[in-house]
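Accompanying notes for the structure given below.
The values are calculated or read from the model by the stated rules, or taken from the named source; none is laboratory data. Keep in mind the model is a prediction, meaning the values are calculated, not measured. Heads up, the Cβs are rebuilt from the backbone with ideal geometry, glycines too, and the neighbour counts pull from every protein chain shown.
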Amino acid sequence: MPSSANLVFYRLLIMRTLRSLALTFTALAANVLAADGIVFDQAYKPGFTYHQTMTMKQEMEMDMGSVKMDRQVSTTMGMLAKVTPHENGRSKRVAIQYDSIQAWVAGDGQKFSFDSKTPDAANSGPLQAYGKIVGQEFKVIFDEAQNVTDVEQLDATVQNLAGSDPASAQMYQQLFNKDAVKRMMQQSALKSPPGKPVNKGGSWPFSQELDLPGLGKLSIRGFYTYVGDVVREGKKVAQVKAAAEVTMDTTPAGVDDEAAQRLQQMQLKIEEGKMEGMLYYDTEINFTREIEVGHKITLTGKIPDGSGKLLRLPMKQSITMVLDKFEKTK
């Protein structure tokens, strides 16, 4: 039977892995194509302010042979984006700031909760660190083709969050590194297939491949279907159905630390991986107003302690995102 110290190590390692997957799915949920017989690009408009509220809920189980655990997580974040012209006259600068966070986590007989509106309330436990994210700002530069060319103030943001704690610095660098932010914002710049207008009932393929340190390459491949037009909150929007398969190529690449090596030894693979959901796009403002996406994956593998015991990690995740403010900057 694995020692208690090993179980703690593997639990932490698995949680880090699942967190990476959750962040990946969250970023991918924003990537949608939709049009009614037109070709368009989603673009932030200089002089306007956007506010989005995203809620992510997860249910995870951990079956390590003789030990079984479960965990539930819910996180709601508010993101404010103010858009201004760039001084070069062609690009634009999008100032991003998280202005609220509510979260709770339950598992192993414990439950913690945090609300940035009452940050000193009891029972926040490890979630107290979320409070540091509120109010931090970084700026994303888009060129005239809606490509992300730079992310400003990100190093300062990580420094403000981590302080002098190396462990915290590593965690925040994983969350707020330039490649991750560029990918997230680039995927939010929605594009229809170039030169190929999409009509009602039409479908088109999409795919994403992302590197997961220590794990390999995650692939999401599927189809979008433009269902038709509906009215949501008094706004006419294009409804798009998304359905995809999630797979993972675990070919070793650049394994250079103990955690990554342990992950490789686990021989993790996705036994079942699916993504499906609905997205609602407003063609008048060229922006997605609502996203409702679910992911279901099951990771399987082995505990690398010589016991030969199998590891099974089912995970369900739902993501909702709402554009609750779009107005001229005051």
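Here are the numbers for the structure shown:
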| item | result |
| --- | --- |
| Lone qualifier among Lys328, Lys274 - being modelled with pLDDT of 90 or more and either among the hydrophobic types (A, V, I, L, M, F, W, C) or over 18 Å from the mean Cα position of the chain (by Cα) (or both) | Lys328 |
| Selection count, the stretch 117-131, where residues are surrounded by 17 or more Cβ atoms within 10 Å (Cβ to Cβ) and within 20 Å of the chain's Cα centre (by Cα) | 2 |
| Residue match in the stretch 214-221 (condition: surrounded by 14 or more Cβ atoms within 10 Å (Cβ to Cβ), of a type outside the set (Gly, Ala, Ser) and modelled with pLDDT of 80 or more) | yes |
| The stretch 54-66 - residue that is surrounded by 15 or more Cβ atoms within 10 Å (Cβ to Cβ) and over 28 Å from Met321 (Cβ atoms) and, of those, modelled with the lowest pLDDT | Met64 |
| Residue count, the stretch 237-257 (criterion: more than 30 Å from Glu290 (Cα to Cα) and at pLDDT 65 or above) | 2 |
| Check on Asp229, of a type in the set (Asp, Glu), assigned to a strand (DSSP E or B) and at pLDDT 80 or above | yes |
| Selection count, the stretch 151-160, where residues are assigned to a helix (DSSP H, G or I) and surrounded by 15 or more Cβ atoms within 10 Å (Cβ to Cβ) | 4 |
| Out of Lys139, Lys117, sole residue that is charged (D, E, K, R) and free of Cβ contacts under 8 Å to residues at least 40 places away in the same chain | Lys117 |
| Subset of the stretch 100-150 (residues that are among the acidic types (Asp, Glu), closer than 25 Å to Ala81 by Cβ, out of contact with any Lys or Arg (no Cβ under 6 Å at 6 or more places or on another chain) and assigned to a loop (DSSP other than H, G, I, E, B)) | Asp143 |
